[in-house]
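The values are calculated or read from the model by the stated rules, or taken from the named source; none is laboratory data. Quantities reported herein were computed from a predicted structural model and do not represent experimental measurements. Cβ coordinates were reconstructed from backbone atoms using ideal geometry, including for glycine residues, and neighbour counts include every protein chain displayed. Please note that ligands, DNA and RNA were not included when accessible areas were found on the heavy atoms of the full protein model with its side chains. Shrake-Rupley method; radii C 1.70, N 1.55, O 1.52, S 1.80 Å.
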Amino acid sequence: MTYAIQAEGLVKRFKETRALAGVDLAARTGTVLGLLGPNGAGKTTAVRIFATLIRPDGGRAMVAGRDVVRDAGLVRSVIGLTGQYAAVDENLTGTENLLMIGRLLGISRAEAKSRSRELLDRFQLSDAAGRATKTYSGGMRRRLDLAASLVGKPQILFLDEPTTGLDPQSRGELWDMLRGLVAEGVTALLTTQYLNEADQLADDIVVIDKGRVIANGTPDELKSTVGGQVLQLRPVHPADLAKAHALITETAGPNTQIEGELITAPVNDPALMPAVVRRLDQAGIAVRELALRRSSLDEVFLALTGHRTEPESKSGEATEPDEDEFEKVGSSA
């Protein structure tokens, strides 16, 4: 099988912190690989190594069949990179930003103009092409940022939380654009804190925690690891919520959660549903809603890591070292 991105035993240390502790992963050509993990898990460090921004301390990373250390220049010529925040120059127009990237990549002025027009049209930015980027909305900036990463026609895209902070409509627009690129044969490595995003886009998923891979597989395969189904229950009277939660926890286990006025629990035993119904009836707790549904990636993540994803770091939580904003990559060294 041909892999566009591959890591074997990847290790990276920052002083006393081991950001990656022997990571193995692979992305098939023409697919999206979702890289998931808590804050500080090592996701951004892995992306930086693949993008040749930092060197690994051990193991091996290959992109498009090239070693990221030995063949860094060749790797840069076939990749595009979009970081967590739009890296466009807000004082330049949309056209000027793309032209600048094209010229930095060594593209002729005529070709850079043609490529800029093509990308602005593709990303629905033609009407705003002559405006300063500082007048763009957040979604428009992210689209321009993604367009900038495509000026050099990369075979492989690294997308590090590309939809952070976007509204649902703008996020959906970027999803559609990524699907279109993959349909054309582009390979993407996507890190995201939005697990529904990974569920929608990723062909395969790797979950890392504390610098190590703790699970991998397709979204459906990962969902099956937590039982495949989830019990949902909503009491008629909100005052019964805590009591119902305690009863279901005794029956279903400690992963039982309260989400608003809804109780959820992983189902690993087909006898769980009737057992819960009997206990609630004995306790005199009336139920408004009782259903079984498939597990979500949120439940998978919770089961694997012990907590849910956090879009932003909280005070005191570990973060990956040296998290400056990404620079654009796409030209030969």
Length-normalised contact order of the chain, Cα under 8 Å, at least 6 apart, in percent, tallies to 25 percent
Taking Cα atoms only, Rg over Rh for the stretch 119-195 with Rh from the Kirkwood formula is 0.94
With Rg from the Cα atoms and Rh as the Kirkwood inverse mean 1/r over Cα pairs, the stretch 53-130 has an Rg/Rh of 1.08
Magnitude of the Cβ-charge dipole (Lys and Arg +1, Asp and Glu -1) of the chain about the Cα centre, nearest 20 debye, reported as 640 debye
A chain fully extended from residue 196 to residue 91 at 0.36 nm per residue, minus the present Cα-Cα distance, gains in nm 34.4 nm
Cα extents of the stretch 20-164 per principal axis, largest first, Å, are 47, 33, 26
Descending packing, highest mean Cβ count within 10 Å first, for 135-147, 11-23, 165-177 is 135-147, 11-23, 165-177
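Out of the total accessible area of the stretch 42-142 (probe 1.4 Å, heavy atoms of protein only), what percent is carbon and sulfur?
46 percent
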Between residue 293 and residue 176, the two model label points (7 Å from Cα along the beta-carbon direction) sit apart by a distance in nm of 2.5 nm
Cα pairs beyond 17 Å in the stretch 127-250, in percent, come to 69 percent
One checks the Cα atoms of the chain and finds Rg and Dmax, in Å, of 22.8, 78
Violations at 31 Å Cα threshold for listed pairs 43/243; 153/223; 15/153; 43/223; 12/153; 43/113 -> 43/243; 153/223; 15/153; 43/113
Over the stretch 52-105, with neighbouring protein chains present, the accessible area per residue in Å² at probe 1.4 Å is 47 Å²
